[in-house]
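Reading through the structure tokens given below for one structure.
Bear in mind these aren't lab numbers, they're just calculated from the coordinates by the rules spelled out. Not measured: the values here are computed from a predicted model. With ideal geometry, Cβ positions are generated from the backbone for all residues, glycine too; neighbour counts draw on all protein chains shown.
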Amino acid sequence: MPSDLDKALAEALANVDEIFTRYDEAAAELIRIARLDGHFAGRQASDLLWPPCRDSDGAAIGTEGLERRADLIAEIHDGIPARRNHRLVDAHDRYSTLRPAYLRALRLFLQVQRQFIAAEAGDERQFSDLYSVVYLEALARENPVPLDEGEAALVEFKVARTPLAHAASIVDKIRPGADAEDPRWSVDYRWDLDGAGGNGSLRQLLTQVAECVVDFLAAGEHLAIRYNTFSNFIWFGISVWKAVTEVELLASRLRGRARDAWVDKLEQYLRLAQGLLLKFLQAHLEDPAQIRPTDYWYGQQYSYLTRDMIDLTRELVRNGERLRARYGPELPAVEVPPLLRGASVGAFHEYSHVGRRGSVSPWVRRGRLLKWVGTFRTTAAKKKNLRHARMSDADRRAAAWQVSLAWAKTTLRTFRIDVTVTIDPAFAEVARELDLRPGAGRKVVFFPTHQSLLDHPVMYHVLQSPELLQAMGWSATVPCCLLSRARLMQATAIRVGGREISLIGLSPAEIDRVQEEVDGYVILGQDDTGSPIKRFAEILSDRPGVVYGGGTTSAFDLQVLPMQHALFAHLSQDTVFIPVAFRGIHSLWPKSPRNNLDVSPGCVDVFISPPVPGETTLLPRKRALRTQLEPATLFQAIHIASLLDPTNPPTSQETRRS
């Protein structure tokens, strides 16, 4: 049976003409945008023409054309890190400057809301309706974040967007007129924040809250958009593109020196790489405001695509270098670009105090993995017994929760992973206004980053940590509901003679059933129509939830995936979101290469950001705003700002991981 790679290769080879045409068109446009972004300073436009795959006579590109391609792409690649640093630091500075006012606005909102309800002026829904009036007015203001020429070109090319563009484009169509005669607008309310106090009318105070929220929403979206554009798209894409182009040039130079069959094989896989680059571009050309993406962007497909691009790039370089060493040692060497081998440096990289700490021998690694399989089998057996035990659903969930906590503890101990928990200093101030204790009526969702398969045991560790319990006002750990995709444990199953055999005693499908029936989790099927998310939203009235908003793990260390914004359309306004960042976790178990089992010891620092009340930050419940794109992007920005070091540490990734 052909592998996925074989199928992809056959598809690429069957569509070479189309790949060449689209590849040339995309390359020429990207060169134009790069020039607008400040690359190629001092060079004439005639020097920047992209050499096509075939000339007007149908002749294939030669070595000279490939050399010009390599020169153009290398110049862009070398200029990207500094431009990325500048843009991300600039966006982060704006985000950081506005953050205190945003957090203060959350507290002000909650204080006024309590007084509104206590005075019997209305219920939470009526208060929310009044707030939505001034919130929409704030959204209709002029965008406070300017774009430079390079960003404007990227927006025109549709691989980036203007902050608040989605909401601003439709807000005037749905904005209700404020009832100026409503007497509640003019009632004064008292506020007391950080030792200072005062009075203001309901309209004045809610307008102040809304404007602070929208300003921060715009700043957060700008940070996330810049990160998606200059890290997830441009830096990653140009790194792959550079290696592919240099290997293609090397193959041209080896033609006539090495065996034709070997060069032919290398060039065949180059066509596959070029096809993947086009798919990658198409993913970023998708409109992120749509509920369901056409191809990639949100979820597994995009992450798998980028992982396959990394794996294929490394393999191309490795095979090209083997041929060069044997048949052309005097030719320039080709290297895997720093970003794709974890050696990049600059702002917004992993913190130096976390991540991989040393390595283990293959025998030790195998021993630990076998022990972990045993832990899984024991855990699966206990859950299976609970499934048939005579007890209430609540007692069964509580018992299953303790089994999961024990599994997490054993997992972290087996792989020698230390976890520290850091609570943002501002957490307590917002939490005091909210009251997050069990039974207080708050719907709570923990929103962790998702960069590794180790995220799950680390999250279980966090939910029983003294630091989190104190911050939440909990006397003991509280069983949570996890929203999970189906067949999460697919990697533990192997196929033998057409049968699926599980290494841990239960098949992936059986594990899904156990998690639903015993743990009380909600499993998202591939053909989900929204009902599982609605069921999850209903469960939040009974217990907290955990959602990995990125939908899947990251393919490389700096990949921070966008949130699946449709999720927020099903969560009620009174949900409280708690962003959680697992610093350093990706390097412990990288997703690339495919089926990687290289789990290393190390340290993870879990950073917990202040709670975000959905009442202030989610967009009003209007059909045109159902995607909740802007709040989802803000949550990605919170993850980016708390996960990665915004400064420019002097040490490299390789040094930190050695």
Between Ala476 and Asp78, 0.36 nm times their residue separation minus their Cα-Cα distance comes to what?
138.1 nm
Fewest-first ordering of Asp93, Asp519, Asp57 by Cβ atoms within 10 Å yields Asp57, Asp93, Asp519
So for each of 208-219, 344-355 I average, over its residues, the number of other beta carbons within 10 Å; can you give me the resulting order with the highest mean first?
208-219, 344-355
Considering only DSSP beta bridges whose two residues both sit in the chain, what percent are antiparallel, to the nearest 5?
50
Scan segment 46-154 for GluC sites (Glu not before Pro) in coil per DSSP, keeping those whose Cβ has at most 13 other Cβ atoms within 10 Å, and list them by number.
Glu120, Glu142
Out of the DSSP beta bridges found with both residues in segment 355-657, what percent are antiparallel (nearest 5)?
35
Diagonalise the Cα gyration tensor of segment 585-641 and give the resulting equivalent ellipsoid semi-axes, square root of 5 times each eigenvalue, largest first, whole Å.
34, 16, 7
For the chain, what is the relative contact order in percent, using Cα pairs closer than 8 Å and at least 6 residues apart in sequence?
19
Just how large is the dipole of segment 355-657 about the Cα centre, in debye to the nearest 20, putting +1 at every Lys and Arg Cβ and -1 at every Asp and Glu Cβ?
1140
In degrees between 0 and 90, to the nearest 10, how far off the longest principal axis of the chain does helix 629-643 point, with axes built from Cα atoms?
80
Where does the charge balance sit around Thr552 when Lys and Arg score +1, Asp and Glu -1, over other residues with C-beta under 12 Å from its C-beta?
+2
What are the ³J(HN,Hα) values, in whole Hz, obtained from phi via the Karplus relation 6.51 cos²θ - 1.76 cosθ + 1.60 with θ = phi - 60°, for each residue of segment 101-108 in sequence order, with x given for Gly and Pro?
5, 5, 5, 5, 5, 4, 5, 4
Farthest towards the positive end of the dipole of the chain, among Gly473, Ala140, Gly38 and with Cβ unit charges of +1 on Lys and Arg and -1 on Asp and Glu, lies the Cα of Gly473
How large is the helix-only mean residue ellipticity at 222 nm for the chain, computed as the sum of -39500 (n - 2.57) over DSSP H runs with n ≥ 4, divided by its residue count, in deg cm²/dmol to the nearest 500?
-17000 deg cm²/dmol
Which pairs in the list Lys158/Lys242; Lys382/Lys409; Lys409/Lys534; Lys371/Lys591 are over 26 Å apart, alpha-carbon to alpha-carbon?
Lys409/Lys534
Burial order of peptide ranges 370-376, 98-104 (average beta-carbon count within 10 Å, highest first)
98-104, 370-376
Report, to the nearest 10°, how far helix 362-388 tilts away from the longest principal axis of the Cα atoms in the chain, using its own Cα long axis and a range of 0 to 90°.
40
Neighbouring Cβ atoms within 10 Å as the yardstick, rank Thr378, Thr229, Thr449, Thr97 fewest first.
Thr97, Thr378, Thr229, Thr449
In what order do Lys265, Lys382, Lys7, Lys173 fall by count of nearby beta-carbon atoms within 10 Å, going from fewest to most?
Lys173, Lys7, Lys265, Lys382
In whole angstrom, how long is each semi-axis of the equivalent ellipsoid of segment 355-657, when you take the square root of 5 times every eigenvalue of its Cα gyration tensor and sort them from largest down?
29, 25, 19
Give the relative contact order (percent, whole number) for segment 355-657; include only Cα pairs under 8 Å separated by 6+ residues.
28
For 595-604, 16-25, ranked highest to lowest by mean beta-carbon neighbours within 10 Å, the order is 595-604, 16-25
